[in-house]
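Right, one structure below, let's go through it.
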Amino acid sequence: MSAHNDSNPPEPVDLSNPKLSRFEVYKEGLRRDDIEIIHYEPRFAKPGTKAEKRMERIVSGLFLFSGLFATAFVAAYIWWPWEYEGAATWRDLQTWYTPVLGTTLGLSLLFFAVGVLTWAKKLLPVEELIQDRHDGGSSSDDRKIAEATVDNMVEDMGLKRRPFLVKAALLGAAPLGLAAIAPLGALIKDPGDMLTVTGWNAEKHNDGEPIRFMMKDGALVRPDMVSVGGQITVYPAIDHGATNQHPTSPVLLIHLRDADAEVLRGNLYPMYQDVDALWGNFVAYSKICTHVGCPTSLYEQQSQRLLCPCHQSQFNVVDNAAPVFGPATRHLPMLPFTVDEEGFFIAKSDFLVPPGPAFWNRPSLPEEDEK
Amino acid sequence: MKRRKGTSDSLLTKAGGELDDRFKLALPARILFNKVFPDHWSFLLGEIALFSFILLLLSGTFLALFFEPSMVEVTYNGVYVPLQGVEMSQAYHSALDLSFEVRGGLFMRQLHHWSTLLFMASILVHMLRIFFTGAFRAPRETNWMIGIVLFWLGFFEGFFGYSLPDDGLSGTGLRIMEGMTESIPFIGPWASAALFGGQFPGTSVISMLYIIHVFVFPLLILALITVHIGLVFAQKHTQWPGPGRTEHNVVGFRMFPNYVMKQVGFMLFIWGVLGAMAGLFQINPIWLFGPYEVSVVSSASQPDFYVMYLDGLIRLFPAWELRIPPYFTLPPVFWPGIVGMGLSVMLPLLYPALERRFTKDRGHHNLLQRPRDNAGRTSLGVMVVVFWIIGVISGGNDVFAEQFDISLNAMTWAGRIGLVVMPIIAYYVTYRICLGLQQHDREVLAHGLETGILMRDPNGRFYEVHQPLAEPDEHGHTELEYNGWVVPKKMNRIGALPPADKGFFKSIEEPSEDGRAERRDEIESGKH
């Protein structure tokens with residue numbers, strides 16, 4: 001039966017024999033489970049020696065310390081001042097609330113852990129046993145019987161004799177499976193124009209009236225609010241224009257220096273020349289990266305680059321914000337704008353190409369492919 | 001005293017009898033108690049994941065009592081002064097309240113986050129152990145595949161988890177997920193609209209992720225962990241080769257009390273470490289990030305480490321966009337983000353089948369392989385590890401560039417080139433190291449251990465004394481077969497030369513009983 005050992009397997013014992021010791025009965029259990037003891041001896045040769053007592057004391061001490069720290073944790077959880085009271089220094093007790101919880105609970109668990117581990121490693125008998133693995137499949141008898149049982153079942157149901165019944169069942173079950181997942185269809189929504197139209201679309205959001213620029217706090221934007229070389233983030237001055245309801249609308253308004261503006265005018269794509277997208281030395285770029293949509297919020301004034309901190313795409317401000325490094329492939333769309341009679345910035349139209357990350361049916365304009 | 005003891009004994013017997021009457025437990029319980037487990041420290045790596053998961057369930061339940069997964073806009077009016085009056089979602093508000101106004105809430109949040117990191121890290125290390133020792137081979141391929149699925153469930157469970165607080169960092173992660181989703185050909189925009197209930201970020205994604213995060217995925221993970229451990233139990237654990245160990249037996253100690261006590265101790269140890277970390281080390285201070293706004297991001301926006309390699313690949317992938325005008329675009333993020341993730345799922349899942357196919361090895365394997373003995377597999381594994389590490393580093397390349405004053409573009413290019421070149425170098429170097437180690441094992445088996453003792457013979461020739469591992473023939477050679485066991489490489493591995501002096505911090509002078517000290521002197525002076 002047991003193939004693991006060359007030596008003779010232990011003999012079965014007669015369990016009805018009243019003279020059997022507990023250990024002999026126990027060993028009979030091991031034998032029946034195909035386990036053989038290779039090595040088994042008490043950790044301490046003589047029970048009750050000084051060394052054993054000492055180990056017992058150590059383990060008990062560890063458990064008691066654990067209880068002590070657990071009590072400290074509960075006490076600290078209840079009585080340690082914890083409420084946040086604004087700026088505090090390390091002298092204020094409440095700043096130590098979380099560290100105290102961690103230290104007490106951690107130490108309590110660690111003491112108990114070391115206690116249990118020491119018990120297992122220093123007090124349990126030293127043992128090594130060997131058990132038969134019984135690897136591989138079932139015995140050939142079992143296989144044969146199982147096979148016959150399944151065949152009998154197939155025969156009982158007549159799966160082979162009634163092929164049409166089987167097909168009909170499958171044809172019925174397939175739509176049922178579909179019916180089970182069909183309700184998930186409630187999640188499907190037509191993306192519509194959400195990826196192509198932004199908050200700058202006057203027809204959709206402002207009854208056709210031109211949309212003004214506003215700042216986060218709602219203040220309308222005038223040219224004198226941005227110094228030369230400076231930049232601010234502006235939003236469409238519509239309802240919730242500066243909130244996440246208009247995620248592709250944020251625009252970076254940059255006041256270029258004369259020389260830079262001159263370079264940009266020279267580089268301007270024809271579609272932006274046609275609509276006269278700049279106003280003076282001001283330019284407005286979509287702030288949403290054309291890679292996967294993070295805000296391109298780092299403006300390097302010296303190199304005239306915009307950098308997206310998510311994946312390091314870089315855009316050249318004086319060349320239509322065309323990508324110059326990193327994974328982005330498209331320029332940041334320019335928002336054509338001007339100043340109305342009251343002196344506030346207004347958008348002339350929505351972006352000419354969809355801002356933000358690309359998608360498969362994104363309309364591309366030939367100008368984009370030129371560079 | 002004695003009488004009480006007798007009573008409790010008979011009580012136990014009585015209780016056991018009652019239970020057995022009802023559930024017929026005597027036989028299955030005995031088999032369970034007696035089951036023999038092999039022992040090695042590396043078999044405990046997966047346990048770390050299990051114990052972290054239990055802690056995740058416990059701490060997560062606490063958090064769910066206070067967190068409100070709602071994207072309704074509210075004005076913050078809590079105790080944290082810098083954010084007072086700021087518009088934010090209810091989800092972020094309740095996450096702030098958890099940090100500031102729930103007793104022990106910050107501790108629980110940090111416990112949950114640290115447990116996640118340990119959960120994912122231990123899964124990864126456990127996976128490497130299984131891979132490099134060949135434990136995934138037949139009959140255990142199914143369990144390997146379950147393990148891979150568990151890793152990916154954990155990956156998304158973690159990602160959804162840190163997306164829930166709706167702070168600046170988590171919104172940035174969702175934004176990137178949106179960009180990736182939209183890049184899928186044909187269904188992209190529709191998939192994104194389904195995910196966010198229309199336009200990103202919408203008002204529903206947090207509640208959708210919430211039910212997945214607290215119910216669907218934990219249930220799946222729990223079910224799969226149960227099957228995973230059940231299969232380890234039923235198929236019996238693999239073991240390292242060694243004296244008396246064969247493909248057909250298990251050498252170790254019993255489940256009860258030995259194995260279970262060590263497991264309980266280890267579990268409490270892991271919990272203790274995590275508990276201390278949760279109290280002492282800050283993680284994800286969401287109050288510093290502010291609510292998520294589409295127009296705001298801070299530099300050094302990094303995901304959790306297990307997502308970082310994917311982010312790194314997205315950073316490194318060149319700006320290659322496929323355009324077929326007028327209406328077809330395949331954005332660059334599609335390749336690392338969607339295809340890359342798909343391959344990272346499929347290749348590990350299929351690896352056992354691929355190895356079976358190419359090695360034509362269809363046997364059952366219950367003895368583990370030392371990594372050096374399968375140089376091809378080990379080198380392939382190191383190749384993947386190097387690829388992954390470069391991905392992770394690149395996922396934080398802006399931080400590296402800033403901290404070490406390196407050009408960001410240089411970091412990106414180093415990553416791009418490294419991703420292609422380094423794995424090939426890693427493969428070659430690992431292969432050579434494996435062969436070298438194999439050769440050295442055989443050298444020691446043939447010629448014995450290097451003792452470090454140099455001798456000079458009467459002709460003036462210097463030579464090193466070798467300690468043969470068996471009785472040598474007349475040329476000093478031993479005919480020992482390599483059989484996958486660890487070959488001793490140092491004298492103290494074969495029981496020679498224990499330290500003559502005990503004591504750790506200071507010397508404990510004790511005359512040794514068996515004259516070991518003298519023997520050491522003899523050996524060192526070459527008399528032996």
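Read-outs throughout are calculated quantities, based only on the coordinates presented, and are distinct from any laboratory measurement. In this text, all values refer to a predicted model and were calculated from it rather than measured experimentally. Cβ sites come from the backbone with ideal geometry, for glycine too, and all protein chains shown count toward neighbours.
Structure above, values below:
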{"read-out": "When the convex hull of its Cα atoms is projected in every direction, mean area for the protein assembly as shown (nm²)", "value": "55.6"}
{"read-out": "Per-selection Rg to Rh, the range B:107-198 - Cα, Kirkwood hydrodynamic radius", "value": "1.10"}
{"read-out": "Listed peptides B:21-33, A:165-177 by packing density, highest first (mean Cβ within 10 Å)", "value": "B:21-33, A:165-177"}
{"read-out": "Per-residue average of Cβ from other chains inside 10 Å of B:189-195", "value": "6"}
{"read-out": "Estimated 222 nm signal from helices in chain A, with DSSP H stretches of n ≥ 4 weighted -39500 (n - 2.57), rounded to 500", "value": "-11000 deg cm²/dmol"}
{"read-out": "Virtual spin-label span in nm between A:VAL74 and A:ALA180, 7 Å along Cα→Cβ", "value": "4.7"}
{"read-out": "Chain A: relative contact order in percent, alpha carbon pairs under 8 Å with at least 6 residues between", "value": "12"}
{"read-out": "Debye log10 I(q)/I(0) for chain A, one point scatterer per Cα, at q = 0.08, 0.12, 0.15 Å⁻¹", "value": "-0.80, -0.95, -1.22"}
{"read-out": "Chain B: equivalent-ellipsoid semi-axes (sqrt of 5 x gyration tensor eigenvalues, Cα, Å)", "value": "50, 34, 25"}
{"read-out": "In degrees, nearest ten, helix B:105-132 long axis to first principal axis of chain B (Cα)", "value": "50"}
{"read-out": "Most to least packed among B:383-391, A:326-334, B:112-120, A:134-142 [average Cβ atoms within 10 Å]", "value": "A:326-334, B:112-120, B:383-391, A:134-142"}
{"read-out": "B:ARG416/A:GLU300 FRET efficiency (R0 25 Å; Cβ-Cβ; nearest 0.05)", "value": "0.70"}
{"read-out": "Label-point separation, A:ARG22 to A:ARG57 (7 Å along Cα→Cβ), nm", "value": "2.8"}
{"read-out": "Residues of type lysines that B:LYS490 reaches as a straight line, Cα spacing below 22 Å, ignoring anything fewer than 8 places off in the same chain", "value": "B:LYS502, B:LYS527"}
{"read-out": "Normalised contact order of the range A:120-247, rounded percent, pairs of Cα under 8 Å and 6 or more residues apart", "value": "14"}
{"read-out": "Label-to-label distance, nm, for residues given as B:VAL486 and B:GLU87 (7 Å Cα→Cβ offset)", "value": "6.4"}
{"read-out": "Bins of 10 Å, starting at 0 and running to the largest distance - Cα pair percent for the range B:298-411", "value": "11, 31, 27, 21, 9, 2"}
{"read-out": "Shielding by partners - mean other protein chain Cβ count within 10 Å, residues of A:291-302", "value": "5"}
{"read-out": "Sites A:VAL154 and B:THR142, calculated FRET efficiency, Cβ-Cβ separation with R0 45 Å, nearest 0.05", "value": "0.95"}
{"read-out": "Average other protein chain Cβ within 10 Å of Cβ, residues B:258-265", "value": "5"}
{"read-out": "Cα convex hull volume per residue for the range B:303-361 (Å³)", "value": "126"}
{"read-out": "Residue list for the range B:95-124, given a label point 7 angstrom along the Cα-to-Cβ vector of B:ILE54 and an amide N cut-off under 14 Å", "value": "none"}
{"read-out": "Ranked by how many other beta carbons lie within 10 Å on average, peptides B:244-257, A:264-277 from highest", "value": "B:244-257, A:264-277"}
{"read-out": "Dimensionless Rg over Rh [the range A:202-370; C-alpha; Kirkwood]", "value": "0.93"}
{"read-out": "Those residues of the range A:109-148 whose amide nitrogen sits under 17 Å from the label point placed on A:THR49, 7 Å along Cα→Cβ", "value": "A:121-127"}
{"read-out": "For the range B:134-188, the Rg and Dmax computed from alpha carbons only, in angstrom", "value": "16.3, 47"}
{"read-out": "At 1.306 mPa s and 10 °C, Stokes diffusion of the range A:1-136 via Kirkwood alpha-carbon radius, µm² per second", "value": "80"}
{"read-out": "Approximate shape of the range A:126-237 as ellipsoid semi-axes (Cα gyration tensor, √5λ), whole Å, largest first", "value": "73, 32, 9"}
{"read-out": "Residues in the range B:231-258 that a label on B:PHE33 would reach, taking backbone N under 14 Å of a point 7 Å out along Cα→Cβ", "value": "B:254-258"}
{"read-out": "FRET efficiency estimate (nearest 0.05) - Cβ-Cβ, B:SER207 to B:ALA353, R0 45 angstrom", "value": "0.70"}
{"read-out": "MRE, 222 nm, helices only [DSSP H, n ≥ 4, -39500 (n - 2.57), over chain B, to nearest 500]", "value": "-19000 deg cm²/dmol"}
{"read-out": "Prolate/oblate/rounded label for the range B:79-128 (Cα gyration tensor, a/c 1.5)", "value": "prolate"}
{"read-out": "Over chain B, relative contact order from alpha-carbon pairs under 8 Å, at least 6 apart, %", "value": "16"}
{"read-out": "Only Lys, Arg (+1) and Asp, Glu (-1) charged, at Cβ; the range A:125-267 dipole about Cα centre in debye", "value": "600"}
{"read-out": "Volume per residue that the Cα convex hull of the range B:152-311 spans, once the total is divided by residue count, Å³", "value": "195"}
